[in-house]
Amino acid sequence: MRARHYCPTCVRAREHSPSESGDFRCESCGEPYSANFGGTAPDGSIERCAFCGHRAFFVQKDFDQRVGCLLLAVSLGLALLVGWRFGWIWFTPVLLATVLVDWIVARRIRAVTICYRCDAEYRDIPLNPRHRGYDPHVAERYAEKKTVRRMR
Ligand SMILES: [Zn+2]
Ligand SMILES: [Zn+2]
């Protein structure tokens, strides 16, 4: 498992491994925080956030949107090139084939589990079947808590 903690004050990221439970300070602003990796389920998936202790997570493909756009542009370019060179009858089959390749690549990309409350990211863990995609309603609930915390 790799866990990435974001400092709530300066958004500085730091990677943690599960053997690193304990108290830490942000490397750039000195904000203290603690990590407790006891919250994993028997199958190794995450149950409780190691940094804020909350149990609300969402799952997202660990995939850069810009890479997706680039892949699509390359597919289209290749299809145009083949169509222009070998005849336009090849345009659609080539485009479909490259899009299929893109889709297979995208399917292989690992998912990342993200904490609603503190935005910590967990990678290289088995997915918890209870964790779903991003839900704006749940996020709103935690956003309110964040504001309350900041006002104090
Ligand atoms: Zn900081
Ligand atoms: Zn958290």
For the condition within 16 Å of ligand 1 (Cβ to nearest atom), surrounded by 13 or more Cβ atoms within 10 Å (Cβ to Cβ) and over 22 Å from the mean Cα position of the chain (by Cα), what is the one hit in Phe51, Phe24, Phe91?
Phe24
Condition set surrounded by fewer than 12 Cβ atoms within 10 Å (Cβ to Cβ) and either without any contact (Cβ under 8 Å) to a residue 12 or more places away in the chain or over 16 Å from Cys115 (Cα atoms) (or both), scope segment 30-48, selection nearest to ligand 2 (Cβ to nearest atom): answer is Pro32
Among the residues of segment 61-71, are any closer than 30 Å to Asp23 by Cα and of a type in the set (A, V, I, L, M, F, W, C)?
no
Within segment 27-48, can you find the residues that are over 17 Å from the mean Cα position of the chain (by Cα), among the small types (Gly, Ala, Ser) and part of a loop (DSSP other than H, G, I, E, B)?
Ser28, Gly30, Gly38, Gly39, Ala41, Gly44
Checking Ser19 against (1) closer than 25 Å to Asp135 by Cα; (2) out of contact with any Gly (no Cβ under 9 Å at 6 or more places or on another chain); (3) not in a strand (DSSP E or B), which test does it fail?
(1)
Residue under evaluation Val99, criteria (1) more than 21 Å from the chain's Cα centre (by Cα); (2) free of Cβ contacts under 8 Å to residues at least 24 places away in the same chain, criterion not met:
(2)
Could you please find all residues in segment 1-11 being under 13 Å from Asp119 (Cα atoms) and either in contact with a Gly (Cβ under 7 Å, 6 or more places away or on another chain) or surrounded by 14 or more Cβ atoms within 10 Å (Cβ to Cβ) (or both)?
Ala3, Arg4, His5, Tyr6, Cys7, Pro8
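Bear in mind that the values in this text are calculations on the coordinates, not laboratory data. Bear in mind that the values here come from a model prediction, so they are computed numbers and not experimental data. In this analysis, Cβ positions are derived from the backbone assuming ideal geometry, glycine residues included, and neighbour counts consider all displayed protein chains.
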